[in-house]
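Visitor: Please find one structure pasted underneath; my questions will follow.
The values are calculated or read from the model by the stated rules, or taken from the named source; none is laboratory data. The structure presented is a predicted model; accordingly, all values stated were derived computationally and were not measured. Neighbour counts are summed over all protein chains in view; Cβ atoms, including those assigned to glycine, are modelled from backbone coordinates with ideal geometry. In case anyone asks, the SASA skips ligands and DNA or RNA and just uses the protein heavy atoms, side chains included. Shrake-Rupley method; radii C 1.70, N 1.55, O 1.52, S 1.80 Å.
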Amino acid sequence: MEKKKLSLIVNGKLVEMEVPTHLRLLDFLRDYLHLTGTKEGCGEGECGACTVLLDGKPVNSCLVMAHSAHGREIITIEGLGTPDKLHPVQEAFLEAGAVQCGFCTPGMVLTSYALLKENPNPTREEIKVAISGNLCRCTGYNKIVEAVELAARKEGK
Ligand code: FES
Ligand code: FES
C-alpha cells in the first residue's frame, strides 16, 4: 500500500502522519485520529453525516481524499466545543430539542456553524437551503431550523 506524508491542521493542532495515498478524509479522522464524532452514513455524498469544515467550508469527508486536505485546516465537531463548554450552536441544538438519535447532529451543527459565520442572521429559508445536504431521519427538521435561529440569537448577543 503506497503511503505519503500528510500534514494538516486539525482542530487547531498540527498533525503530520504517513498515510495511504487512497485514504478518505473520513477514515483518516475516525481511524487515525479517533475523532469519531464525524459519522459515516451513506458513504456517497448524500447524507451529510460526515460533514467537516475544510478551510471553514462544510464538505462531505466521505468524498474528500485525506491527501487533498494537505496543508489545509479541518474542524470536526470535537473542535467546536467541549462537554463542559459547549459552543453556542451546540447549546442551541440541545435547548431547542433538535437532537434525537444524534447521528446527523455533528454534521448539522458544523453546517449551521459555517452558515452563521457567513450569514449571522439567516432567514428560515436560508437555513433550510444551508442544511439541505444534511439528512435527518428523526426530527422533521423544524426543531433544527429553530435551533439555528436560536444559535443566531445567542451569537448575536
Ligand atoms: S457519509 Fe458522507 S455524505 Fe453520507
Ligand atoms: S437526530 Fe436522528 S438522524 Fe437526525
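Visitor: Cα-Cα over 20 Å: which of LYS57/LYS128; LYS13/LYS57; LYS4/LYS39; LYS4/LYS57?
Guide: Flagged as over cut-off: LYS4/LYS39; LYS4/LYS57.
Visitor: Now, a different point. Provide the per residue accessible area, probe 1.4 Å, for the chain, rounded to a whole number of square angstrom.
Guide: That works out to 53 Å² per residue.
Visitor: So, one more: Roughly to the nearest percent, how much of the accessible area of region 3-79 is carbon and sulfur, given a 1.4 Å probe?
Guide: 49 percent
Visitor: Same structure, new question: As a test, work out the antiparallel percent of DSSP beta bridges whose residues both lie in region 3-79, rounded to the nearest 5.
Guide: Once the DSSP bridges in region 3-79 are tallied, antiparallel ones form about 90 percent.
Visitor: Projecting each Cα onto the charge dipole of the chain (Lys/Arg +1, Asp/Glu -1 at the beta carbon, about the Cα centre), which of ALA151, LEU135, HIS67 comes out farthest on the positive side?
Guide: Ranked along the dipole, the leading option is ALA151.
Visitor: Here is a further query. Give, rounded to the nearest 20 debye, the magnitude of the charge dipole that region 33-157 has about its Cα centre when Lys and Arg contribute +1 at Cβ and Asp and Glu contribute -1 at Cβ.
Guide: Computed charge dipole of region 33-157: roughly 140 debye.
Visitor: List the aspartates and glutamates whose alpha-carbon lies under 12 Å from that of LYS143, not counting same-chain residues fewer than 8 positions away?
Guide: GLU95
Visitor: Tell me, what is the percent relative contact order of region 88-156, built from C-alpha pairs under 8 Å that lie six or more residues apart?
Guide: 53 percent
Visitor: A follow-up question, please. Would you mind checking the tilt of helix 142-156 against the longest principal axis of the Cα atoms of the chain, expressed as 0 to 90 degrees and rounded to 10?
Guide: Between helix and principal axis, roughly 90 degrees.
Visitor: On a 0 to 90 degree scale, rounded to 10, what angle separates helix 105-118 from the longest Cα axis of the chain?
Guide: Computed tilt is about 80 degrees.
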